[in-house]
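One structure below.
The values are calculated or read from the model by the stated rules, or taken from the named source; none is laboratory data. Predicted model only: the values in this text are computed from it and were never measured. Please note: Cβ atoms are built from the backbone with ideal geometry, for glycine as well, and neighbour counts cover all protein chains shown.
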Amino acid sequence: MNIYVCLKQVPDTEASILIKDGKSIQEANIKWIVSPYDEYAIEEALKLKEKTPGSSVTAVCLGPERVHNALRTALAMGADKAVHIESNGYLDDQNTARALAAVIKADSAFGVIFTGKQAIDNDSYQLHILLAESLAVPVATNVTAFAVEGQQVKVQREIDEGAKEMIEMSIPCVVAAAKGLNTPRYASMMGIMKAKKIEIKKVTLSEIGIREDQNKVQLLKLSAPAEKPQGRIIPGEPAEAVKELVRLLREEAKVL
Amino acid sequence: MANIGLYIELKEGVFKKSNRELLSLARKSGQSVHAVIFCADLQPYLPELQGIQTVIQVQGPDLAYQPDRYAQTLADIIAAFKLESFCGIFSAQGKDLFPRLAAKAGASLVNDCLAVDLAARKAVKPVYSGKLLAEYQVEGGRALFTVRPNVIPVAPLAGGAPQVKTAALDSGEPLTRIVEVIKAAAQKVDLTEAEIIVSGGRAMKAKENFAVLEELAQVLNAGVGASRAAVDAGFAGSDMQVGQTGKVVNPKLYIACGISGAIQHFVGMKTSKVIVAINKDPEAPIFKKADYGIIGDLFTVVPLLKEELRKALA
């Protein structure tokens, strides 16, 4: 099976994010990582490859030159091929989905496509579904268990507070990974060495007919949210402090 | 005046509380509001739907949620009623349904909005896990928005009864098939909609100790959450995790017990109206972010707090 995994490179979860010019962020001191949910997607793609003889995993990533590092991470974990869609400006989700779909569609035998359920930069929560719709294939989101039986995929997805949906769909399809699906492996030294030798295929947006002026959703501006003023410590022995806390919650904060 | 639409979400037949936030947003917009609701009997929900122009009741032999059918039905309604903008709740179902609807309706979607200007088709949403806010505008075509629960103030009901129209559920064969829904073992408070949340961190030390928080939560009718540290240590289920790789919550009151307050957790609960921290480490970063803090062992403080609240709320 020709397995695909779409990933995004994002700032590290601990990074402080500063605004550059109202529409973009300062990239100077940022450590870039593979978006955490995409790591579950890579792991599940590799597990499926290991179970399905004759399979390959292709990692696809859209972004500027720096995303090579994200693709190298996927290759070092065990992906076989990597495609970099070069994009230096802002693309809305529909345009991004169309770009990924164009690359995947070029392979008439694509099978299961894995993504994360969200990328933790824009948190737009829709790319995986727009990608599936663009390819006219089924999609399951927020997936915590995945199995293949013949040409059918069976997944479990989390809905509200511990409730789950069991979903069936046929291959090809898109599966958006959530925490709990698996434990992503670390790249081995051998994997890292091997990854260095694999050539990353480059695709430009113009080659696949995507233009930034086709964006329908415009980013108008970025701003920093208002900071909370520092609160106060309630002094005294626990029994006293608790009494005072309840009073404050009722009379000052008025939340009870 | 533009036509705008709302998706009224029912959960096992129960009108979700956040629908009131959507309806308040829509009534205030001054546009012609069309609320779409999938139900066999509209009567129980009509009192909530005062003051809007039109209710579109979707009927069908089996109204159980199937994402492809729901999305196609809504796309057809959006086209038939010429709805320029369409809003829903940023819930588990909303996250699944709205992107499908965007594709099927040829519309553009902004998820997880904190504010929506329906006339201008602009919305503000958190990005980088709430470290920044982004303002987006949908320029061409139809605009879809999902709204984060507990953000938009609910206005009192006013206005007359809406006109009722009906539509048929799409009967196409779904590509993505939900074959079974497994309910949670216990009826838990939905964290993303909860008004009060009690949350535990690494200092809970063991899974059984969450009972201490459950007891406090019961007095407050609160949901129980956990930090990533507590989930990764196996003290709590991943559905309870609040934070960057868990749920984003937005309650009136968030009580953090034995949580140090790493940025990963903070971004998941920072918009809580009031944050209370209970921690025995006076240097814990959570105290810088909390409105009220008590320095002390949670196993001493939480039971005392429970008793005090029981008396106060009696």
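In table form, for the structure just shown:
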read-out	value
Listing of strands (runs of 3 or more DSSP E) fully contained in the stretch B:89-158 that carry 1 or more residues being not assigned by TED's automatic domain parsing to the domain that holds B:Glu48	none
Test: residue in the stretch A:102-124 that is more than 13 Å from chain B (Cβ to nearest Cβ) and closer than 30 Å to B:Leu191 by Cα	yes
Enumerated strands (runs of 3 or more DSSP E) restricted to the stretch A:147-256, each holding at least 3 residues that are away from chain B (no Cβ under 11 Å) and within 23 Å of the chain's Cα centre (by Cα)	A:201-204
Test for B:Pro156: is it under 23 Å from B:Gln50 (Cβ atoms), without any contact (Cβ under 8 Å) to a residue 12 or more places away in the chain and either within 11 Å of chain A (Cβ to nearest Cβ) or surrounded by fewer than 20 Cβ atoms within 10 Å (Cβ to Cβ) (or both)	yes
Filter result (surrounded by 15 or more Cβ atoms within 10 Å (Cβ to Cβ) and assigned to a loop (DSSP other than H, G, I, E, B)) within the stretch B:43-82	B:Gly51, B:Ile52, B:Gln53, B:Gly60, B:Leu63, B:Tyr65, B:Gln66, B:Phe81
Residues of the stretch A:123-167 satisfying the condition of being polar (S, T, N, Q) and crowded, with 23+ Cβ neighbours inside 10 Å	A:Gln126, A:Thr141, A:Asn142
Matching residues, the stretch A:1-59, being farther than 28 Å from B:Pro126 by Cβ, hydrophobic (A, V, I, L, M, F, W, C) and touching an Asp or Glu at 6+ places or on another chain (Cβ under 8 Å)	A:Val57
In the stretch B:10-42, the residues that are crowded, with 22+ Cβ neighbours inside 10 Å and assigned to a loop (DSSP other than H, G, I, E, B)	B:Ser18
In the stretch A:49-87, the residues that are assigned to a helix (DSSP H, G or I), touching a strand residue (DSSP E or B) at 6+ places or on another chain (Cβ under 6 Å) and of a type in the set (A, V, I, L, M)	A:Val67, A:Ala70, A:Leu71, A:Ala74, A:Leu75
Which listed residue is among the hydrophobic types (A, V, I, L, M, F, W, C), surrounded by 14 or more Cβ atoms within 10 Å (Cβ to Cβ) and more than 11 Å from chain A (Cβ to nearest Cβ), from B:Leu213, B:Leu175	B:Leu213
